[in-house]
Amino acid sequence: MSIQELESEVSRLSQPDLAAFSQWFEDFVADAWDEQMETDIANGKLDHLARQADEHFIYGQLLKR
């Protein structure tokens, strides 16, 4: 199915079906995002951000002294 066909079908949904589809799609996108984050974390793609957060935390603790 092409994007255009999908758009056409979605535009013909009743309001209750559109609401149900919207909820399903929101959940689908959220699950895909979670899965991508888990993959990125497992592959170390966010390690630099974790190190940076640790550095900022330590710096903040040093300023409190």
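The values are calculated or read from the model by the stated rules, or taken from the named source; none is laboratory data. Owing to the predicted nature of the structure, the values given are computational and were not obtained by experimental measurement. The protein model used for the area step is the full one, side chains on, heavy atoms only, and it has no ligands, DNA or RNA in it. Shrake-Rupley method; radii C 1.70, N 1.55, O 1.52, S 1.80 Å.
Inspect all residues belonging to the range 33-51 and state whether any of them is among the hydrophobic types (A, V, I, L, M, F, W, C) and under 30 Å from residue 7 (Cα atoms). Yes, the range 33-51 contains at least one residue that is among the hydrophobic types (A, V, I, L, M, F, W, C) and under 30 Å from residue 7 (Cα atoms). Being under 22 Å from the mean Cα position of the chain (by Cα) and hydrophobic (A, V, I, L, M, F, W, C) is not true of residue 1. If a residue must be open to solvent by 70 Å² or more (accessible area, probe 1.4 Å) and among the hydroxyl-bearing types (Ser, Thr, Tyr), how many such residues does the range 28-54 contain? Matching residues across the range 28-54 total 0.
Condition first: of a type in the set (A, V, I, L, M) and either within 30 Å of residue 50 (Cα to Cα) or modelled with pLDDT of 95 or more (or both). Now tell me which residues in the range 1-37 satisfy that.
Listed by number, the residues that qualify are 3, 6, 10, 13, 18, 19, 20, 29, 30, 32, 37.
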